[in-house]
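The values are calculated or read from the model by the stated rules, or taken from the named source; none is laboratory data. On a predicted model such as this, the values are computed, not experimentally measured, just so you know. Here the Cβ is made from the backbone with ideal geometry for all residues, glycine too, and neighbour counts use every protein chain on show. Keep in mind that these areas ignore ligands, DNA and RNA; they rest on the heavy atoms of the full protein, side chains included. Shrake-Rupley method; radii C 1.70, N 1.55, O 1.52, S 1.80 Å.
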Amino acid sequence: MLLVDPTKKLSYNRRIMDGDLVIVYERYNSMKPVKVSAGGVLQNRFGLFKHSDWIGKPFGSKVFSNTGGYVYLLAPTPELWTLVLSHRTQILYIADISFVVMYLELVPGCVVLESGTGSGSLSTSLARAVAPTGHIYTFDFHEQRAASAREDFERTGLSSLVTVGVRDIQGEGFPDEFTGRADSVFLDLPQPWLAIPSAAKMLQQDGVLCSFSPCIEQVQRSCETLKSHFTEIRTFEILLHTYEVREGELGSWQDGGRGSVKSCKKRQRSTTTNSEENPGTRTILARLNSEAKGHTGYLTFARLKCTS
Ligand SMILES: C[S@@+](CC[C@H](N)C(=O)[O-])C[C@H]1O[C@@H](n2cnc3c(N)ncnc32)[C@H](O)[C@@H]1O
């Protein structure tokens, strides 16, 4: 079993070094991960950037190209990684992830069992939550996905906090060596109810399980199975609404401003601080962002029944 180095803290408060992974930020919807190498270059629509100019600069720096264009070099935090990672599977996004981290009651030192690993989007945030002394043991039955996830955890500097195993968790359950040791279990599997009895065996007294499923039929079957071992069974759907807020003239979003959304009118909602809607009056406008994500899945949480 992998020993975790308790002195290894996750810190992004340092300077960029040769071999580091940086997130090259062009704008909020255009970012990409780049491994820094002393002789490397990045060419994009803003010009040619030499990696050697980046080395020694703090994360967050604005760097310039040969033509005067610029990008920002950001640290590969779990939040950004989730936005730029290569999608080998469906992944969990920030709204669901933050809810999971909270409701699994994760703190430094926790041991978490997870399956499937998928693209490692959730695992990355789980690892940061339990660092520096906890550990994530994540399992996927797909060998290539497990290998790619391992490579990603190396790149993001999390490999000492995450161990990836290849195993059919629905068929075989979690390995016996974890019996009674897990603080939390997370399942993102097509038939989670098959893994629930094993998850119950792995959890410590009071441990919490979460299962993510896109369909309500999966949730219903999981809840039926959960009843025998778990209590406090609750299911949530997390819907994230992001808003654009600005001061402007009433009607400006409808008549030619950036807000005159052509593709998504039904989802637009405009609220104003002024009850008399006089065109020409400047006021604060808030508009639901047309890119707001809808349904991703249901999160079912449950706590292991106390046996004593
Ligand atoms: C949707 S992905 C998980 C995504 C992950 N939560 C993330 O945020 O990146 C589901 C994964 O479960 C794996 N899987 C499906 N059935 C499995 C099983 N019986 N045992 C282990 N892994 C399984 C699949 O190979 C796939 O990688």
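Assessment of the stretch 284-300 against the conditions (assigned to a loop (DSSP other than H, G, I, E, B), surrounded by 12 or more Cβ atoms within 10 Å (Cβ to Cβ) and modelled with pLDDT of 85 or more) yields at least one matching residue. Evaluating Gly165 against the criteria (1) part of a strand (DSSP E or B); (2) surrounded by fewer than 24 Cβ atoms within 10 Å (Cβ to Cβ); (3) away from the ligand (no atom under 12 Å from the Cβ) leaves one unmet condition, (3).
If you check Val107, Val84, Val112 for being in the same structural domain as Pro192 (by TED's automatic domain parsing) and under 12 Å from the mean Cα position of the chain (by Cα), only one passes: Val84.
Comparison of Gly171, Gly180 shows that the only residue that is of a type in the set (Gly, Ala, Ser), more than 16 Å from the ligand (Cβ to nearest atom) and at pLDDT 95 or above is Gly180.
Anything in the stretch 78-106 that is farther than 20 Å from Arg234 by Cβ, β-branched (Val, Ile, Thr) and touching a Ser or Thr at 6+ places or on another chain (Cβ under 9 Å)? List them, or say none.
The answer is Thr82, Thr89, Ile91, Ile94.
When the stretch 151-162 is limited to residues that are under 10 Å from Gly120 (Cβ atoms) and surrounded by 15 or more Cβ atoms within 10 Å (Cβ to Cβ), the one that is modelled with the highest pLDDT turns out to be Val162. Of all residues in the stretch 135-151, those being touching a helix residue (DSSP H, G or I) at 6+ places or on another chain (Cβ under 8 Å) and not charged (D, E, K, R) number 6.
Take Pro197 and tell me if it is within 16 Å of Ala302 (Cα to Cα), surrounded by fewer than 19 Cβ atoms within 10 Å (Cβ to Cβ), within 15 Å of the ligand (Cβ to nearest atom) and not β-branched (Val, Ile, Thr). Steps first, please.
Working: within 16 Å of Ala302 (Cα to Cα): yes; surrounded by fewer than 19 Cβ atoms within 10 Å (Cβ to Cβ): yes; within 15 Å of the ligand (Cβ to nearest atom): yes; not β-branched (Val, Ile, Thr): yes.
So Pro197 passes the test.
The residue pairs whose first member lies in the stretch 26-51 and is among the acidic types (Asp, Glu), whose second member is part of a strand (DSSP E or B), and whose beta carbons are closer than 9 Å, counting only pairs six or more residues apart or on different chains, are Glu26/Lys32; Glu26/Asn44; Glu26/Val71; Glu26/Tyr72. Looking across the stretch 168-185, the residues that are open to solvent by less than 30 Å² (accessible area, probe 1.4 Å) and either closer than 27 Å to Leu80 by Cβ or among the hydrophobic types (A, V, I, L, M, F, W, C) (or both) come down to Ile169, Phe174, Phe178, Ala182, Ser184, Val185.
Asp188 meets each of the listed conditions (1) closer than 24 Å to Ala95 by Cβ; (2) away from the ligand (no atom under 16 Å from the Cβ); (3) surrounded by 14 or more Cβ atoms within 10 Å (Cβ to Cβ); (4) of a type in the set (Asp, Glu) apart from (2).
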